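Trainee: My questions will all concern the structure given below.
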Amino acid sequence: MKVKKYVAPSMQEAMKKIRAEMGNDAVILNSKMVQTGGFLGLFSKKMIEVIAANDPDVPSKKIDQRKETYQSVLETSELKENKQKQHISSNNDSLLNEIKEMKALLHHFSVTENKDIYPNLLQEMQNKMVKQDIPELVRATIMGSLLEYWYQEKGQLTFEQIKQQQEEILYELLAGIEFGGISYQKKFVNVIGPTGVGKTTTLAKLAAECVIQKRKKVAFITTDTYRIAAIDQLKTYAKILDVPLEVCYSIEDFKNAQRRFSAYDYIFIDTAGRNFLDSRYVKDLMNIIDFEHEMETFLVLSATAKSADMIAVYEQFSIIPIDKLIFTKLDETSTRGTLLDIMLQTKKGIAYTTHGQNVPDDIETASREKIVNQILR
């Protein structure tokens, strides 16, 4: 069997290379996102690494035959002696090789988006993930592990067992990504993000929690001088919470506000909501706020936005130290796959999710368990 690794900007490009070199009978053994190029971890690019295999001695129809045979075995759940004689050897190595081949076959069909290739319970899982907009490569990884698990257990699994296995796979994918709200270890709490995502309202919710639940002394700083309505909105929240507010137009104003609020426990900073797909606006922000100071920064994104747009915003803001993400407007969308996609691509966890305009309500501290439950609900 010929096995080769391919690295390409997208799965489509990788599949083109595989078909050109290995033909249409090639199967995908594994696929994952990797960082390539760059210097000292900087300027690297996200690529897709695909491991493909092809046996030149296998007839072109064998994949279809294996697919039909495998479905029949799983759906009947009868791996008796007669089936074992036809499909697998009694030798342990042969069984292991058969499992690997079946897993490779699954990846092939998952990536190429062929439908109805799974047993009924697994097909239901696949359909749910498609409805939740879970990324194609992630679905392929999850379904590959689920089908291997199903095969090892001879199809004797309940829906709850499959669901639990699915959750464990997602936990592994999110391993090493930090979740949770404000650490309360830094004096300044800053929210940044594009226009229209609800930064000011989110900031008020965070400050309200700090005042009401933590009993801390807080203050507001706003650099959003582009919209009068934004300043008035924050003034209203400041009045309700009985906290001071400073409006800053320059780095000098910001430093003066820092000195004025030096006796306060925490200072919450609101930033301008503008089109941050233009890198000039991010640089303008850095000319006003001292990000090198003791500061915890959250990037606020709307759960209703497209994944590609959110990644573009994140890349523009990447010159600023971002601690975690906040997703707003979860009440305005029924899908959660984009949350998973952004976390896996940025390697940043979620601090909070919001689901309405009510202050201080309609905000929830995120955890890995809560987010996985929302994704797979």
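Trainee: Between Glu369 and Asn120, what is the label-point separation in nm under the 7 Å Cα-to-beta-carbon projection?
Mentor: So the label points at Asn120 and Glu369 sit 3.3 nm apart.
Trainee: Under 5 Å between amide hydrogens, which residues at least 5 positions from Ile322 or on another chain qualify, with H placed 1.01 Å from N in the peptide plane?
Mentor: Amide H neighbours of Ile322: none.
Trainee: Here is a further query. Gain in length, Ile177 to Lys128, computed as 0.36 nm per residue apart minus the alpha-carbon separation, to one decimal in nm?
Mentor: Details: separation 49, 0.36 × 49 = 17.64 nm, distance 2.42 nm.
Full extension of this stretch gives 15.2 nm more.
Trainee: Of the heavy-atom accessible surface of region 164-276 (probe 1.4 angstrom), what whole percent is carbon and sulfur?
Mentor: 45 percent
Trainee: Another question, if that's okay. Counting heavy atoms of the protein chains only and a 1.4 Å probe, report the per residue accessible area for region 148-211 as a whole number of Å².
Mentor: Value for region 148-211: 40 Å² per residue.
Trainee: Extension gain Thr304-Glu160, at 0.36 nm per residue separation less the Cα-Cα distance, in nm?
Mentor: 48.9 nm
Trainee: Leaving ligands, DNA and RNA out of it, report the carbon-plus-sulfur percent of the accessible area of region 310-377 at a 1.4 Å probe.
Mentor: 42 percent
Trainee: Using modelled backbone amide H atoms (1.01 Å from N, in-plane), which distant-in-sequence or interchain residues come within less than 5 Å of Glu178's amide H?
Mentor: Close amide H contacts, sequence-distant or interchain: Gly349.
Trainee: Going by amide H atoms built from the backbone, whose H comes under 5 Å of the H on Val300, apart from near neighbours?
Mentor: Ile192, Gly193, Ile326
Trainee: Next question, about the same structure. For a quick protection proxy, order the peptides 257-268, 198-209, 346-357 by their average other-Cβ count within 10 Å, most packed first.
Mentor: Highest to lowest by the protection proxy: 198-209, 346-357, 257-268.
Trainee: Then there's this: Between Arg19 and Lys32, what is 0.36 nm times their sequence separation minus the Cα-Cα distance? Round to one decimal in nm.
Mentor: 2.8 nm
Trainee: What order, most packed first, do the peptides 334-345, 127-138 have when packing is the mean number of other Cβ atoms within 10 Å of each residue?
Mentor: The peptides rank, most packed first, as 334-345, 127-138.
Trainee: Can you list the HN-Hα couplings for region 240-256, worked out from phi with the Karplus curve (6.51, -1.76, 1.60; θ = phi - 60°), rounded to whole Hz and with x for Gly and Pro?
Mentor: Listing the rounded values in order: 5, 7, 6, 10, x, 9, 10, 9, 10, 9, 8, 5, 5, 4, 5, 5, 5 Hz.
Trainee: Between Val7 and Asp242, how high is the FRET efficiency from 1/(1 + (r/R0)^6) when r is the Cβ-Cβ distance and R₀ = 56 Å? Nearest 0.05.
Mentor: The computed FRET efficiency comes out at 0.45.
Trainee: Rounded to whole Hz and in sequence order, give me ³J(HN,Hα) for region 219-224 from the Karplus expression 6.51 cos²θ - 1.76 cosθ + 1.60, θ = phi - 60°, writing x for Gly and Pro.
Mentor: Karplus values, whole Hz, x for Gly and Pro: 9, 10, 10, 10, 10, 7.
Trainee: At 1.4 Å probe size, with every protein chain present, just tell me what the per residue accessible area of region 316-377 comes to in Å².
Mentor: On a per-residue basis, 40 Å².
The values are calculated or read from the model by the stated rules, or taken from the named source; none is laboratory data. None of these values were measured; they are calculated from a predicted model. As a convention, Cβ positions derive from the backbone with ideal geometry for all residues, glycine included, and neighbour counts pool all protein chains shown. For the accessible areas, the whole protein counts, side chains as well, though only heavy atoms, and no ligand, DNA or RNA atoms are used. Shrake-Rupley method; radii C 1.70, N 1.55, O 1.52, S 1.80 Å.
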